[in-house]
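Enquirer: Quick one: structure below, then a few questions.
The values are calculated or read from the model by the stated rules, or taken from the named source; none is laboratory data. Note that the structure is a prediction, hence the values are computed from the model and not measured. Glycine gets a Cβ as well: all are built from the backbone with ideal geometry, and neighbour counts include every protein chain shown.
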Amino acid sequence: MAQHDWIVVVENWECFNDIHLAADSLTFPGQNPLVVWRGDNDSVRADGMLAMLRNLKQPVAAFVDYDPSGMVIARSLPRLEMVVAPPHDALKKMMQSGLVERYMDQIAGCRSVLEQIDVACVTAIWGVIRLSGRALPQEVFLMGKN
């Protein structure tokens, strides 16, 4: 693991599997990051990924959905130093075509955690999401996929 300078946690399996497509439009940290899938509640439990992160020392970046649940996931990661996202102006523009219903479905269950966000990189992205009142799945960055 010492050869990896960052750890990038990816929320969704499709984005993990095709992360190379997102690298065309997003900047990922480090020269040789270890990319890991967050897991789910069915096949690969997310708490296993968290336990692994706690045993490592590299800084962590989150590549998550741009929605309330994604920001809660990002906030939960130890040593989080970056949320992988386009520049704020570009994200604001993309959020205009985001999903209102998805945002509304998630906000009530996430609000108490999001009101306590104390991680600067999450606060900045959450501000853009909250002002738009919309959600944007990370899969939009896989558009080059055939």
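Enquirer: If a residue has to be loosely packed, with under 15 Cβ neighbours inside 10 Å and touching a His at 6+ places or on another chain (Cβ under 6 Å) to count, how many in segment 7-49 make the cut?
Expert: 1
Enquirer: Among the residues of segment 17-38 satisfying the criterion of being of a type in the set (A, V, I, L, M, F, W, C) and under 19 Å from LEU80 (Cβ atoms), which is farthest from the chain's Cα centre (by Cα)? So that I can check it myself, show each step before the final result.
Expert: Here is the first cut: in segment 17-38, the residues of a type in the set (A, V, I, L, M, F, W, C) are 19, 21-23, 26, 28, 34-37.
Applying the additional criterion that residues be under 19 Å from LEU80 (Cβ atoms) yields 19, 22, 26, 28, 34-37.
On the way: ILE19: 12, ALA22: 12, LEU26: 12, PHE28: 11, LEU34: 15, VAL35: 12, VAL36: 12, TRP37: 11 Å.
Looking at residues that are of a type in the set (A, V, I, L, M, F, W, C) and under 19 Å from LEU80 (Cβ atoms), I get LEU34.
Enquirer: Need a quick list: helices (runs of 4 or more DSSP H) entirely within segment 3-91 having at least 1 residues that are touching a helix residue (DSSP H, G or I) at 6+ places or on another chain (Cβ under 8 Å), small (Gly, Ala, Ser) and touching a residue at least 40 places away in the same chain (Cβ under 8 Å).
Expert: On the way: elements: 13-17, 19-22, 46-54, 68-75.
So the answer is 19-22, 68-75.
Enquirer: Then there is this: Among the candidates GLY133, GLY98, which residue alone is touching a helix residue (DSSP H, G or I) at 6+ places or on another chain (Cβ under 7 Å), on the phi > 0 side of the Ramachandran plot, in contact (Cβ under 8 Å) with a residue 24 or more places away in the chain and not charged (D, E, K, R)? Lay out the reasoning, then the answer.
Expert: On the way: GLY98 fails: on the phi > 0 side of the Ramachandran plot.
None of the other options fit; the residue is GLY133.
Enquirer: Can you confirm whether VAL119 is among the β-branched types (Val, Ile, Thr) and at pLDDT below 95? Reasoning before the result, please.
Expert: Numbers: among the β-branched types (Val, Ile, Thr): yes; at pLDDT below 95: yes.
So VAL119 passes the test.
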